[in-house]
1. In segment 140-164, how many are away from the ligand (no atom under 16 Å from the Cβ) and among the aromatic types (Phe, Trp, Tyr)?
2. Which count do you get for residues in segment 138-185 that are open to solvent by less than 10 Å² (accessible area, probe 1.4 Å) and polar (S, T, N, Q)?
3. Can you tell me which residue is nearest to the ligand (Cβ to nearest atom) among those in segment 55-68 that are open to solvent by less than 50 Å² (accessible area, probe 1.4 Å) and free of Cβ contacts under 8 Å to residues at least 40 places away in the same chain?
4. When residues of segment 84-113 are filtered for being of a type in the set (A, V, I, L, M), modelled with pLDDT of 95 or more and away from the ligand (no atom under 12 Å from the Cβ), how many remain?
5. Consider segment 99-130. How many of its residues are buried (at least 18 other Cβ atoms within 10 Å of the Cβ) and touching a Phe, Trp or Tyr at 6+ places or on another chain (Cβ under 8 Å)?
6. Quick one: what pairs do we get from segment 138-150, first residue more than 13 Å from ASN186 (Cβ to Cβ), second in a loop (DSSP other than H, G, I, E, B), C-beta under 7 Å, 6+ apart or different chains?
7. Identify, please: which residue in segment 69-83 is basic (Lys, Arg) and not in a helix (DSSP H, G or I) and is, among those, farthest from the ligand (Cβ to nearest atom)?
8. If a residue must be in a helix (DSSP H, G or I) and more than 15 Å from the ligand (Cβ to nearest atom), how many such residues does segment 19-44 contain?
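The values are calculated or read from the model by the stated rules, or taken from the named source; none is laboratory data. Bear in mind the structure is a predicted one, so any value in this text is a computation, not a measurement. Here the Cβ positions follow ideal geometry from the backbone for every residue, glycine too, while neighbour counts run over all protein chains shown. Please note that ligands, DNA and RNA were not included when accessible areas were found on the heavy atoms of the full protein model with its side chains. Shrake-Rupley method; radii C 1.70, N 1.55, O 1.52, S 1.80 Å.
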Amino acid sequence: MGKLILSGFDPSPPVRAVKLTLAALQLPYDYVVVNPLTKDQHSPEYLKKNPQHTIPMLEDDEQYISDSHAIITYLARKYGKDKALYPNDLYQSAIVDQRLHNDSSTMFTSTLLAISKPLMFAGQTVIEKSKIAAVADVYALVETLLDNNNYVAGTHLTIADFSFITTIVTLMVFLVPDSEKYPKLNAWLKRIKELPYYEEASGAGAAQLESMLKSKNFTIES
Ligand SMILES: N[C@@H](CCC(=O)N[C@@H](CS)C(=O)NCC(=O)O)C(=O)O
């Protein structure tokens with residue numbers, strides 16, 4: 001097995017999804033801090049490996065992969081012994097892919113980044129109501145996905161759970177999911193947070209991002 005090197009920054013949700021996957025697969029790796037707050041991702045060496053200048057980026061035997069969804073799928077397919085985290089079955093893997101694409105397009109980008117980027121980088125302090133309504137839509141969808149299942153892509157833990165939880169715990173900074181309205185979502189959050197590697201791989205970084213966001217003293221449009 002080649003040496004794995006993850007470039008990232010703990011508060012970043014997609015980086016945390018990769019750290020959860022590496023922990024679940026019990027894979028050793030080196031960690032290189034690339035801090036987007038100081039624009040480390042724009043260094044010439046980094047851009048050569050990832051012209052899209054995003055974290056996370058994984059290096060495996062001098063091959064570079066960026067985008068958390070591509071990375072966690074690769075890791076689970078290549079190193080998952082029983083293929084439980086990313087099923088071999090074509091239909092089951094398509095379900096996992098669908099969840100990952102949803103995180104990539106809707107949950108992380110058009111819901112979470114749409115709120116957090118203006119706060120972090122453009123000095124905005126009032127969050128539009130419509131953006132909070134989009135967070136509620138995410139919770140409603142996940143509640144439905146969990147209707148007959150303990151995990152977001154079915155009856156077993158998959159990489160889709162890692163992708164969703166890292167985005168959702170940060171969405172919770174802006175809207176706490178009511179336990180009566182979203183009982184399954186809340187039970188799932190508890191279930192994933194109880195994984196023995198959760199706190200180290202994701203919980204600590206999520207808490208850091210929460211305090212960074214709260215330090216912006218934002219309010220929600222009334
Ligand atoms: N879809 C990408 C999103 C990655 C992303 O936007 N990462 C942010 C940090 S959370 C970043 O690197 N921002 C810096 C930049 O885009 O220059 C993924 O899942 O990896």
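1. Total satisfying the criteria: 1.
2. The total comes to 5.
3. Going through the qualifying residues, I end up with SER66.
4. Total satisfying the criteria: 5.
5. Qualifying residue count, segment 99-130: 6.
6. LEU145/VAL152; ASN149/THR155
7. LYS81
8. The number of residues fulfilling the criteria is 2.
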